[in-house]
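Everything on this sheet refers to the single structure shown next.
The values are calculated or read from the model by the stated rules, or taken from the named source; none is laboratory data. All figures in this text were calculated on a predicted structure; none of them were measured in a lab. Neighbour counts run over all protein chains shown; Cβ positions are idealised from the backbone, glycine included.
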Amino acid sequence: MPGASLVLPARPANFKIAYTALSLSVPSRVRFRYKLEGIDSDWQEAGGRREAFYTRLAPGKYRFRVIACNNDGLWNEQGATLDFSIVPAWFQTIWFRALCIAAAMLMIWGVHRLRMRQIHKSLSARFDERLAERTRMARELHDTFLQTLQGSKLVAEDALEKSSDPIQMRRALEQLSVWLAQAVQEGRAALNSLRTSTMQKNDLAEAFRRATEECRLLSPIDVSFSVRGGSKEMHPIVRDEIYRVGYEAIRNACVHSRGSRLEVELKYGHDLAVQVRDNGVGIDPALAEQGKDGHFGLQGMRERVARIGGKLTVSSSPDSGTEITVIVPGSIVFRKPITSPLEKIRTILRRIGPASHPD
């Protein structure tokens, strides 16, 4: 066997080593043993076979040893050796393994960061939900409970100015009793709104009608209410937000506009629209844009409309009064899509209309 070290290519599928021993008397009685260090833990009995076979040897350095026994049964303990090495493939190198370990660690780190981000996002969502609920409750209390108390205060102040009139005093006390009872009901309704909102029916028009009737109790203003289009089933949460915005606009017009006429219109169409118009003194532009410190009327209306994906428009002037318009997309507010053929044709024409008139 040659004594030089051999270098074999990467990933040898089958590896055969041939060996022999010289015997001048009886060659067929020569026996062999071999061992590949690093693979065989003990000597392999080959008998008279003069070949050794190995498969799928890993990259590295090896030493093959073979010894022979003559016809007298004496083993040559020194034997012969063959040193060889197998070069690694590109994916068997230390650098590739280090790269795999680094990639695995990077992946673990990425999964950990993603998990921590998800946890942070979940906690932030919970905190945002709590904050949104606190803000919603503040709006509910302002738009119902506190407004009713404010109206009760006005009734009481009016009665004190005419304290010498017992009949007027009695009427004021009766009205004050009614309003305080209403305040209790509104406070309870605000606290239970999450549970009762989804159980209430689609009564937005009736709710606005009641709001206009209350307006007549606050002011001698002439109020008209109209509904255009057929009523459609609405999402309860969105419906409640629209009602609060409209109620606030009606209440503000009755208490602060000092006008003689108030028009409220509820329009069911492709979208839902609410318009509240008065002919009063109007709103200061800065107040209409930023609101009044310590009051959440206009600010709460804008937040509510933004929350449901709608659009709030406030236009006011001393000559024409104030007009507040709320438009909410039908895809958001209506529970069931428009299915009538006429509405479908109108929708298609509305979509292709601009395209049919090129510039």
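The figures follow:
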read-out	value
Search result, residues across region 10-45 that are in a strand (DSSP E or B) and small (Gly, Ala, Ser)	18
Residues satisfying the stated conditions in region 11-38, i.e. within 23 Å of residue 87 (Cα to Cα), of a type in the set (A, V, I, L, M) and loosely packed, with under 13 Cβ neighbours inside 10 Å	13, 18
Those residues of region 11-34 which are over 60 Å from the mean Cα position of the chain (by Cα) and among the small types (Gly, Ala, Ser), in sequence order	18, 21, 23, 25, 28
Qualifying residues in region 68-92 (those that are part of a loop (DSSP other than H, G, I, E, B) and either touching a Lys or Arg at 6+ places or on another chain (Cβ under 7 Å) or surrounded by 14 or more Cβ atoms within 10 Å (Cβ to Cβ) (or both)) - the one modelled with the highest pLDDT	88
Restricting region 300-337 to residues that are in a helix (DSSP H, G or I), at pLDDT 85 or above and among the aliphatic types (A, V, I, L, M), the residue that is surrounded by the most Cβ atoms within 10 Å (Cβ to Cβ)	301
In region 251-261, residue modelled with the highest pLDDT [restricted to those that are in contact with a strand residue (DSSP E or B) (Cβ under 6 Å, 6 or more places away or on another chain) and closer than 15 Å to residue 314 by Cα]	253
Criterion: among the hydrophobic types (A, V, I, L, M, F, W, C) and either surrounded by fewer than 10 Cβ atoms within 10 Å (Cβ to Cβ) or touching a residue at least 24 places away in the same chain (Cβ under 8 Å) (or both) - qualifying residue of 57, 99	57
Which numbered condition residue 212 misses (of (1) assigned by TED's automatic domain parsing to the domain that holds residue 271; (2) modelled with pLDDT under 70)	(2)
Unique residue being part of a loop (DSSP other than H, G, I, E, B) and basic (Lys, Arg) when the list is 65, 49	49
